[in-house]
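Inspection log for the structure reproduced underneath, given as structure tokens.
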Amino acid sequence: MDKYALISEYLTRFLEEEVRKTGLSKTVVGLSGGIDSAVVAVLAHRAFGDDLLCVKMPSHHSSQSSLDDADELCRVFGLRSETRSIEPMLRAYGEEGMSALRIGNLSARLRMVTLFDISAREGALVLGTSNKSELMLGYGTLYGDLASALNPIGDLYKTEVFELARHLGIPGSILSKPPSADLWAGQSDEAEIGYPYSDLDRVLKRYVEERHTREEMIRDGEKPDLVDMIIGKIYKNQFKRRMPVIAKLTSRTVNIDFNYPRDITL
């Protein structure tokens, strides 16, 4: 089988098994019109059919093209969906004087609040849509888009998500547009980070998967600024990849020496 056929089969099975372990059978995913949520939605639909609910959560900062792309994905794959605007919550909070970054982080958290409430209504688990490039670089909002019950694509780099999307038949309108969290007008992931994902993923794979040192990568021709930026972000953002750190006072402390697999049963 093709590499991405195997990956899609494995991730579909992963979703089925991990959700079943919880005693639930339904899932929800926030659908942005971007490639990551599109891939997760299609995989989840393979696993759960109409027991998947896609939730579109636009605001007055969202682009119409993102909404159109999300609608197109739902039409092509027959995805069950609903729309819940976060605009009233943003306006009620008050955006005056807030930077674009603060508005973006607030938007991400309001979307996740909405998604988890809908998951409670549906008796469903929330699926994550952060890829490995974002997780390693800390390019995400803590308790916003980084929050989920389980994440099928968290070990796939962004460039690999694109390849999986092509295999899954994701519409060209989603595949061809620049990656964006759509948190404010004109926002682009690669412009914000400063490098294209092709460069980011190449260095990330060398450092994380192949364990090359900074000196080895620079000696082989990688740009020092790129290498230093990536290594710096990996370590600076480690806190985003961890559960909250608990001060140890007893003999068995949660997440330190009281660790059990998530699927443990009595």
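Given the structure, is His60 assigned to a loop (DSSP other than H, G, I, E, B) and not charged (D, E, K, R)? Against the criterion (assigned to a loop (DSSP other than H, G, I, E, B) and not charged (D, E, K, R)), His60 qualifies.
So if I check each of Ile153, Ile218, Ile230, Ile170, which one is of a type in the set (A, V, I, L, M, F, W, C), within 30 Å of Ser8 (Cβ to Cβ) and outside the structural domain of Arg46 (by TED's automatic domain parsing)? Show your work before the answer.
Numbers: Ile153 fails: outside the structural domain of Arg46 (by TED's automatic domain parsing); Ile218 fails: within 30 Å of Ser8 (Cβ to Cβ); Ile170 fails: outside the structural domain of Arg46 (by TED's automatic domain parsing).
The match here is Ile230.
Would you be able to say whether some residue in segment 104-114 is among the hydroxyl-bearing types (Ser, Thr, Tyr), modelled with pLDDT of 95 or more and not in a helix (DSSP H, G or I)? No, segment 104-114 contains no residue that is among the hydroxyl-bearing types (Ser, Thr, Tyr), modelled with pLDDT of 95 or more and not in a helix (DSSP H, G or I).
Sort out which residues of segment 76-120 are within 19 Å of Leu150 (Cβ to Cβ) and touching an Asp or Glu at 6+ places or on another chain (Cβ under 6 Å), and write them in order of number.
Narrowing segment 76-120 to residues within 19 Å of Leu150 (Cβ to Cβ): 79, 108, 111-120.
The one that is within 19 Å of Leu150 (Cβ to Cβ) and touching an Asp or Glu at 6+ places or on another chain (Cβ under 6 Å): Ala108.
Remark: Leu43 matches the filter, which requires a residue to be under 23 Å from Ile174 (Cβ atoms), in contact (Cβ under 8 Å) with a residue 40 or more places away in the chain, assigned to a helix (DSSP H, G or I) and under 17 Å from the mean Cα position of the chain (by Cα).
Considering only segment 81-103, how many residues are part of a helix (DSSP H, G or I) and either basic (Lys, Arg) or touching a residue at least 60 places away in the same chain (Cβ under 8 Å) (or both)? I'd like the intermediate steps shown before the answer.
So in segment 81-103, the residues part of a helix (DSSP H, G or I) come out as 87-93, 100-103.
Subsequent filtering for residues that are either basic (Lys, Arg) or touching a residue at least 60 places away in the same chain (Cβ under 8 Å) (or both) retains 91, 100, 102-103.
Qualifying residue count for the region: 4.
From Ser133, Ser188, Ser119, which residue is closer than 24 Å to Lys223 by Cβ, at pLDDT 95 or above and of a type in the set (Gly, Ala, Ser)?
Working: Ser188 fails: at pLDDT 95 or above; Ser119 fails: closer than 24 Å to Lys223 by Cβ.
Going through Ser133, Ser188, Ser119 in turn, just one is closer than 24 Å to Lys223 by Cβ, at pLDDT 95 or above and of a type in the set (Gly, Ala, Ser): Ser133.
Is segment 32-54 home to any residue that is among the charged types (D, E, K, R) and closer than 20 Å to Phe162 by Cα? Yes, segment 32-54 has at least one match. Whenever a residue of segment 59-80 is surrounded by fewer than 17 Cβ atoms within 10 Å (Cβ to Cβ), its partners that are aliphatic (A, V, I, L, M), lying with C-beta atoms within less than 7 angstrom and at least six residues away or across chains, give the pairs Arg80/Leu52; Arg80/Leu53.
Taking only segment 117-161 into account, find how many residues are of a type in the set (D, E, K, R) and in contact with a Leu (Cβ under 8 Å, 6 or more places away or on another chain). Can you show your working first?
As a first pass, look at segment 117-161 and keep what is of a type in the set (D, E, K, R): 117, 121-122, 132, 134, 145, 155, 158, 160.
Among the residues that remain, those that are also in contact with a Leu (Cβ under 8 Å, 6 or more places away or on another chain) are: 122, 132, 158.
Of the residues in that region, 3 qualify.
Of all residues in segment 232-255, those that are assigned to a loop (DSSP other than H, G, I, E, B), without any contact (Cβ under 8 Å) to a residue 40 or more places away in the chain and within 26 Å of the chain's Cα centre (by Cα) total 6. Only a single item in (1) surrounded by 15 or more Cβ atoms within 10 Å (Cβ to Cβ); (2) within 14 Å of Val39 (Cβ to Cβ) is not met by Asp155, and it is number (1).
Restricting attention to segment 9-27, the residues being touching a helix residue (DSSP H, G or I) at 6+ places or on another chain (Cβ under 6 Å) and assigned to a helix (DSSP H, G or I) number 4. Just to be sure, is Cys74 assigned to a helix (DSSP H, G or I), modelled with pLDDT of 95 or more and of a type outside the set (A, V, I, L, M)? Yes: the conditions hold for Cys74.
The values are calculated or read from the model by the stated rules, or taken from the named source; none is laboratory data. If you're wondering where the values come from, they're calculated on a predicted model, not measured in any experiment. Reconstructed Cβ throughout: ideal geometry from the backbone, glycine too, with neighbour counts over all protein chains shown.
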